[in-house]
1. Just to be sure I follow the definition: excluding the sites themselves, where is the longest run in the chain that has none of the GluC sites (Glu not before Pro) in a DSSP loop with at most 12 other Cβ atoms within 10 Å?
2. Under a cut-off of 19 Å between alpha-carbon atoms, report the aspartates and glutamates in cross-link reach of residue 34, not counting same-chain residues fewer than 8 places apart.
3. Please name whichever of 10, 88, 163 sits farthest to the positive end of the charge dipole of segment 2-223, dipole taken about the Cα centre and charges placed at Cβ: Lys and Arg +1, Asp and Glu -1.
4. Under the classification rounded if a/c is under 1.5, otherwise prolate if a/b is larger than b/c and oblate if not, where does segment 1-97 fall, given a ≥ b ≥ c as square roots of the Cα gyration tensor eigenvalues?
5. To make sure I understand the rule: partners must be lysines, Cα under 22 Å from the Cα of residue 178, and not fewer than 8 residues away in the same chain. Which ones qualify?
6. Could you give log10 I(q)/I(0) at q = 0.14, 0.17 Å⁻¹ for segment 92-229, computed by the Debye formula over C-alpha point scatterers of equal weight, without solvent?
7. Using Cα pairs closer than 8 Å and at least 6 residues apart in sequence, work out the relative contact order for segment 2-223, in percent.
8. Can you pull the three principal axis extents for the Cα set of the chain, in Å, largest first?
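Each value in this text was obtained by applying a stated rule to the coordinates, not by laboratory testing. This structure is a prediction, so every number in the text was calculated from the model and none was measured. FYI the Cβ positions are ideal-geometry reconstructions off the backbone, even for glycines, and counts take in every protein chain you see.
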Amino acid sequence: MIQEQVRSVQERIRAACAAVGRDPSEVTLIAVSKTKPVPLLTEAYDAGCREFGENKVQEIMDKYDQLPPDIHWHMIGHLQRNKVKYIVDKVTMIHSVDSLRLAEAIDHEAGRKGCVVPVLLEVNVAEEDTKFGLKVEEVLPLCETLDGFSNLRVMGLMTIAPFVADPEENRPVFRKLKKLSVDISHKSFNNITMSVLSMGMTNDFEVAVQEGATLVRVGTAIFGERDYGATV
């Protein structure tokens, strides 16, 4: 079942790319495996998934050694500073940097472990009170500060769009994030690129792809509804 669902999502990504003349190779599918047990992740792995997204540090820690070493783990949930040290050398990317203090913690811990951590700045484009993230106008000033960091590399931006019945309602959100990334890319930074746009989830990833997403975070369409009572 999961193999079929992975194939279906990939087909939908290809169709969304074709609709706007994009190369499907520009878009990477992240299987959002939060709350899902290891056997289901193994099924997704066997279906070709190598990029997995988790919301909690503990779940990454629990699953990391139980699954093949060629998996790329993405921290996509809100990250507390005191938990940074557990994952800086385990994740491919942290999507949820939303403050200078968190960035400083990542840079410090990465320096201690001798690694450089790719990160995305999380932007609350829709300015929803219930979500984390920088305001649009806060992003460029933070980039100017982070450009001097040694063990953290800003690769782009991430947003979590509102949950809406009609995915078209989120098109302006994705378009605004894309415009912001283009504006920042025109600045003269040494340590910051805007090569990655992480946006789009199960209910709206096709619209996100049409608006320039390079990473889409899809959970429900692959694994089914989340089970918050599950153990890993």
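1. Counting only loop sites that pass the neighbour cut-off, the longest clear stretch is 1-126.
2. Output for residue 34: 43, 46, 51, 54, 59, 62, 65, 70, 122, 204, 225, 227.
3. It is 88.
4. On the way: a/c = 2.52, a/b = 1.53, b/c = 1.65.
Because a/c hits 1.5 or more and a/b fails to exceed b/c, segment 1-97 counts as oblate.
5. Residue 178 reaches 131, 135, 187.
6. -0.64, -0.91
7. Working: 431 pairs, mean separation 46.7, N = 222.
It rounds to 21 percent for segment 2-223.
8. Computed over the chain, the largest-to-smallest principal extents equal 47, 40, 33 Å.
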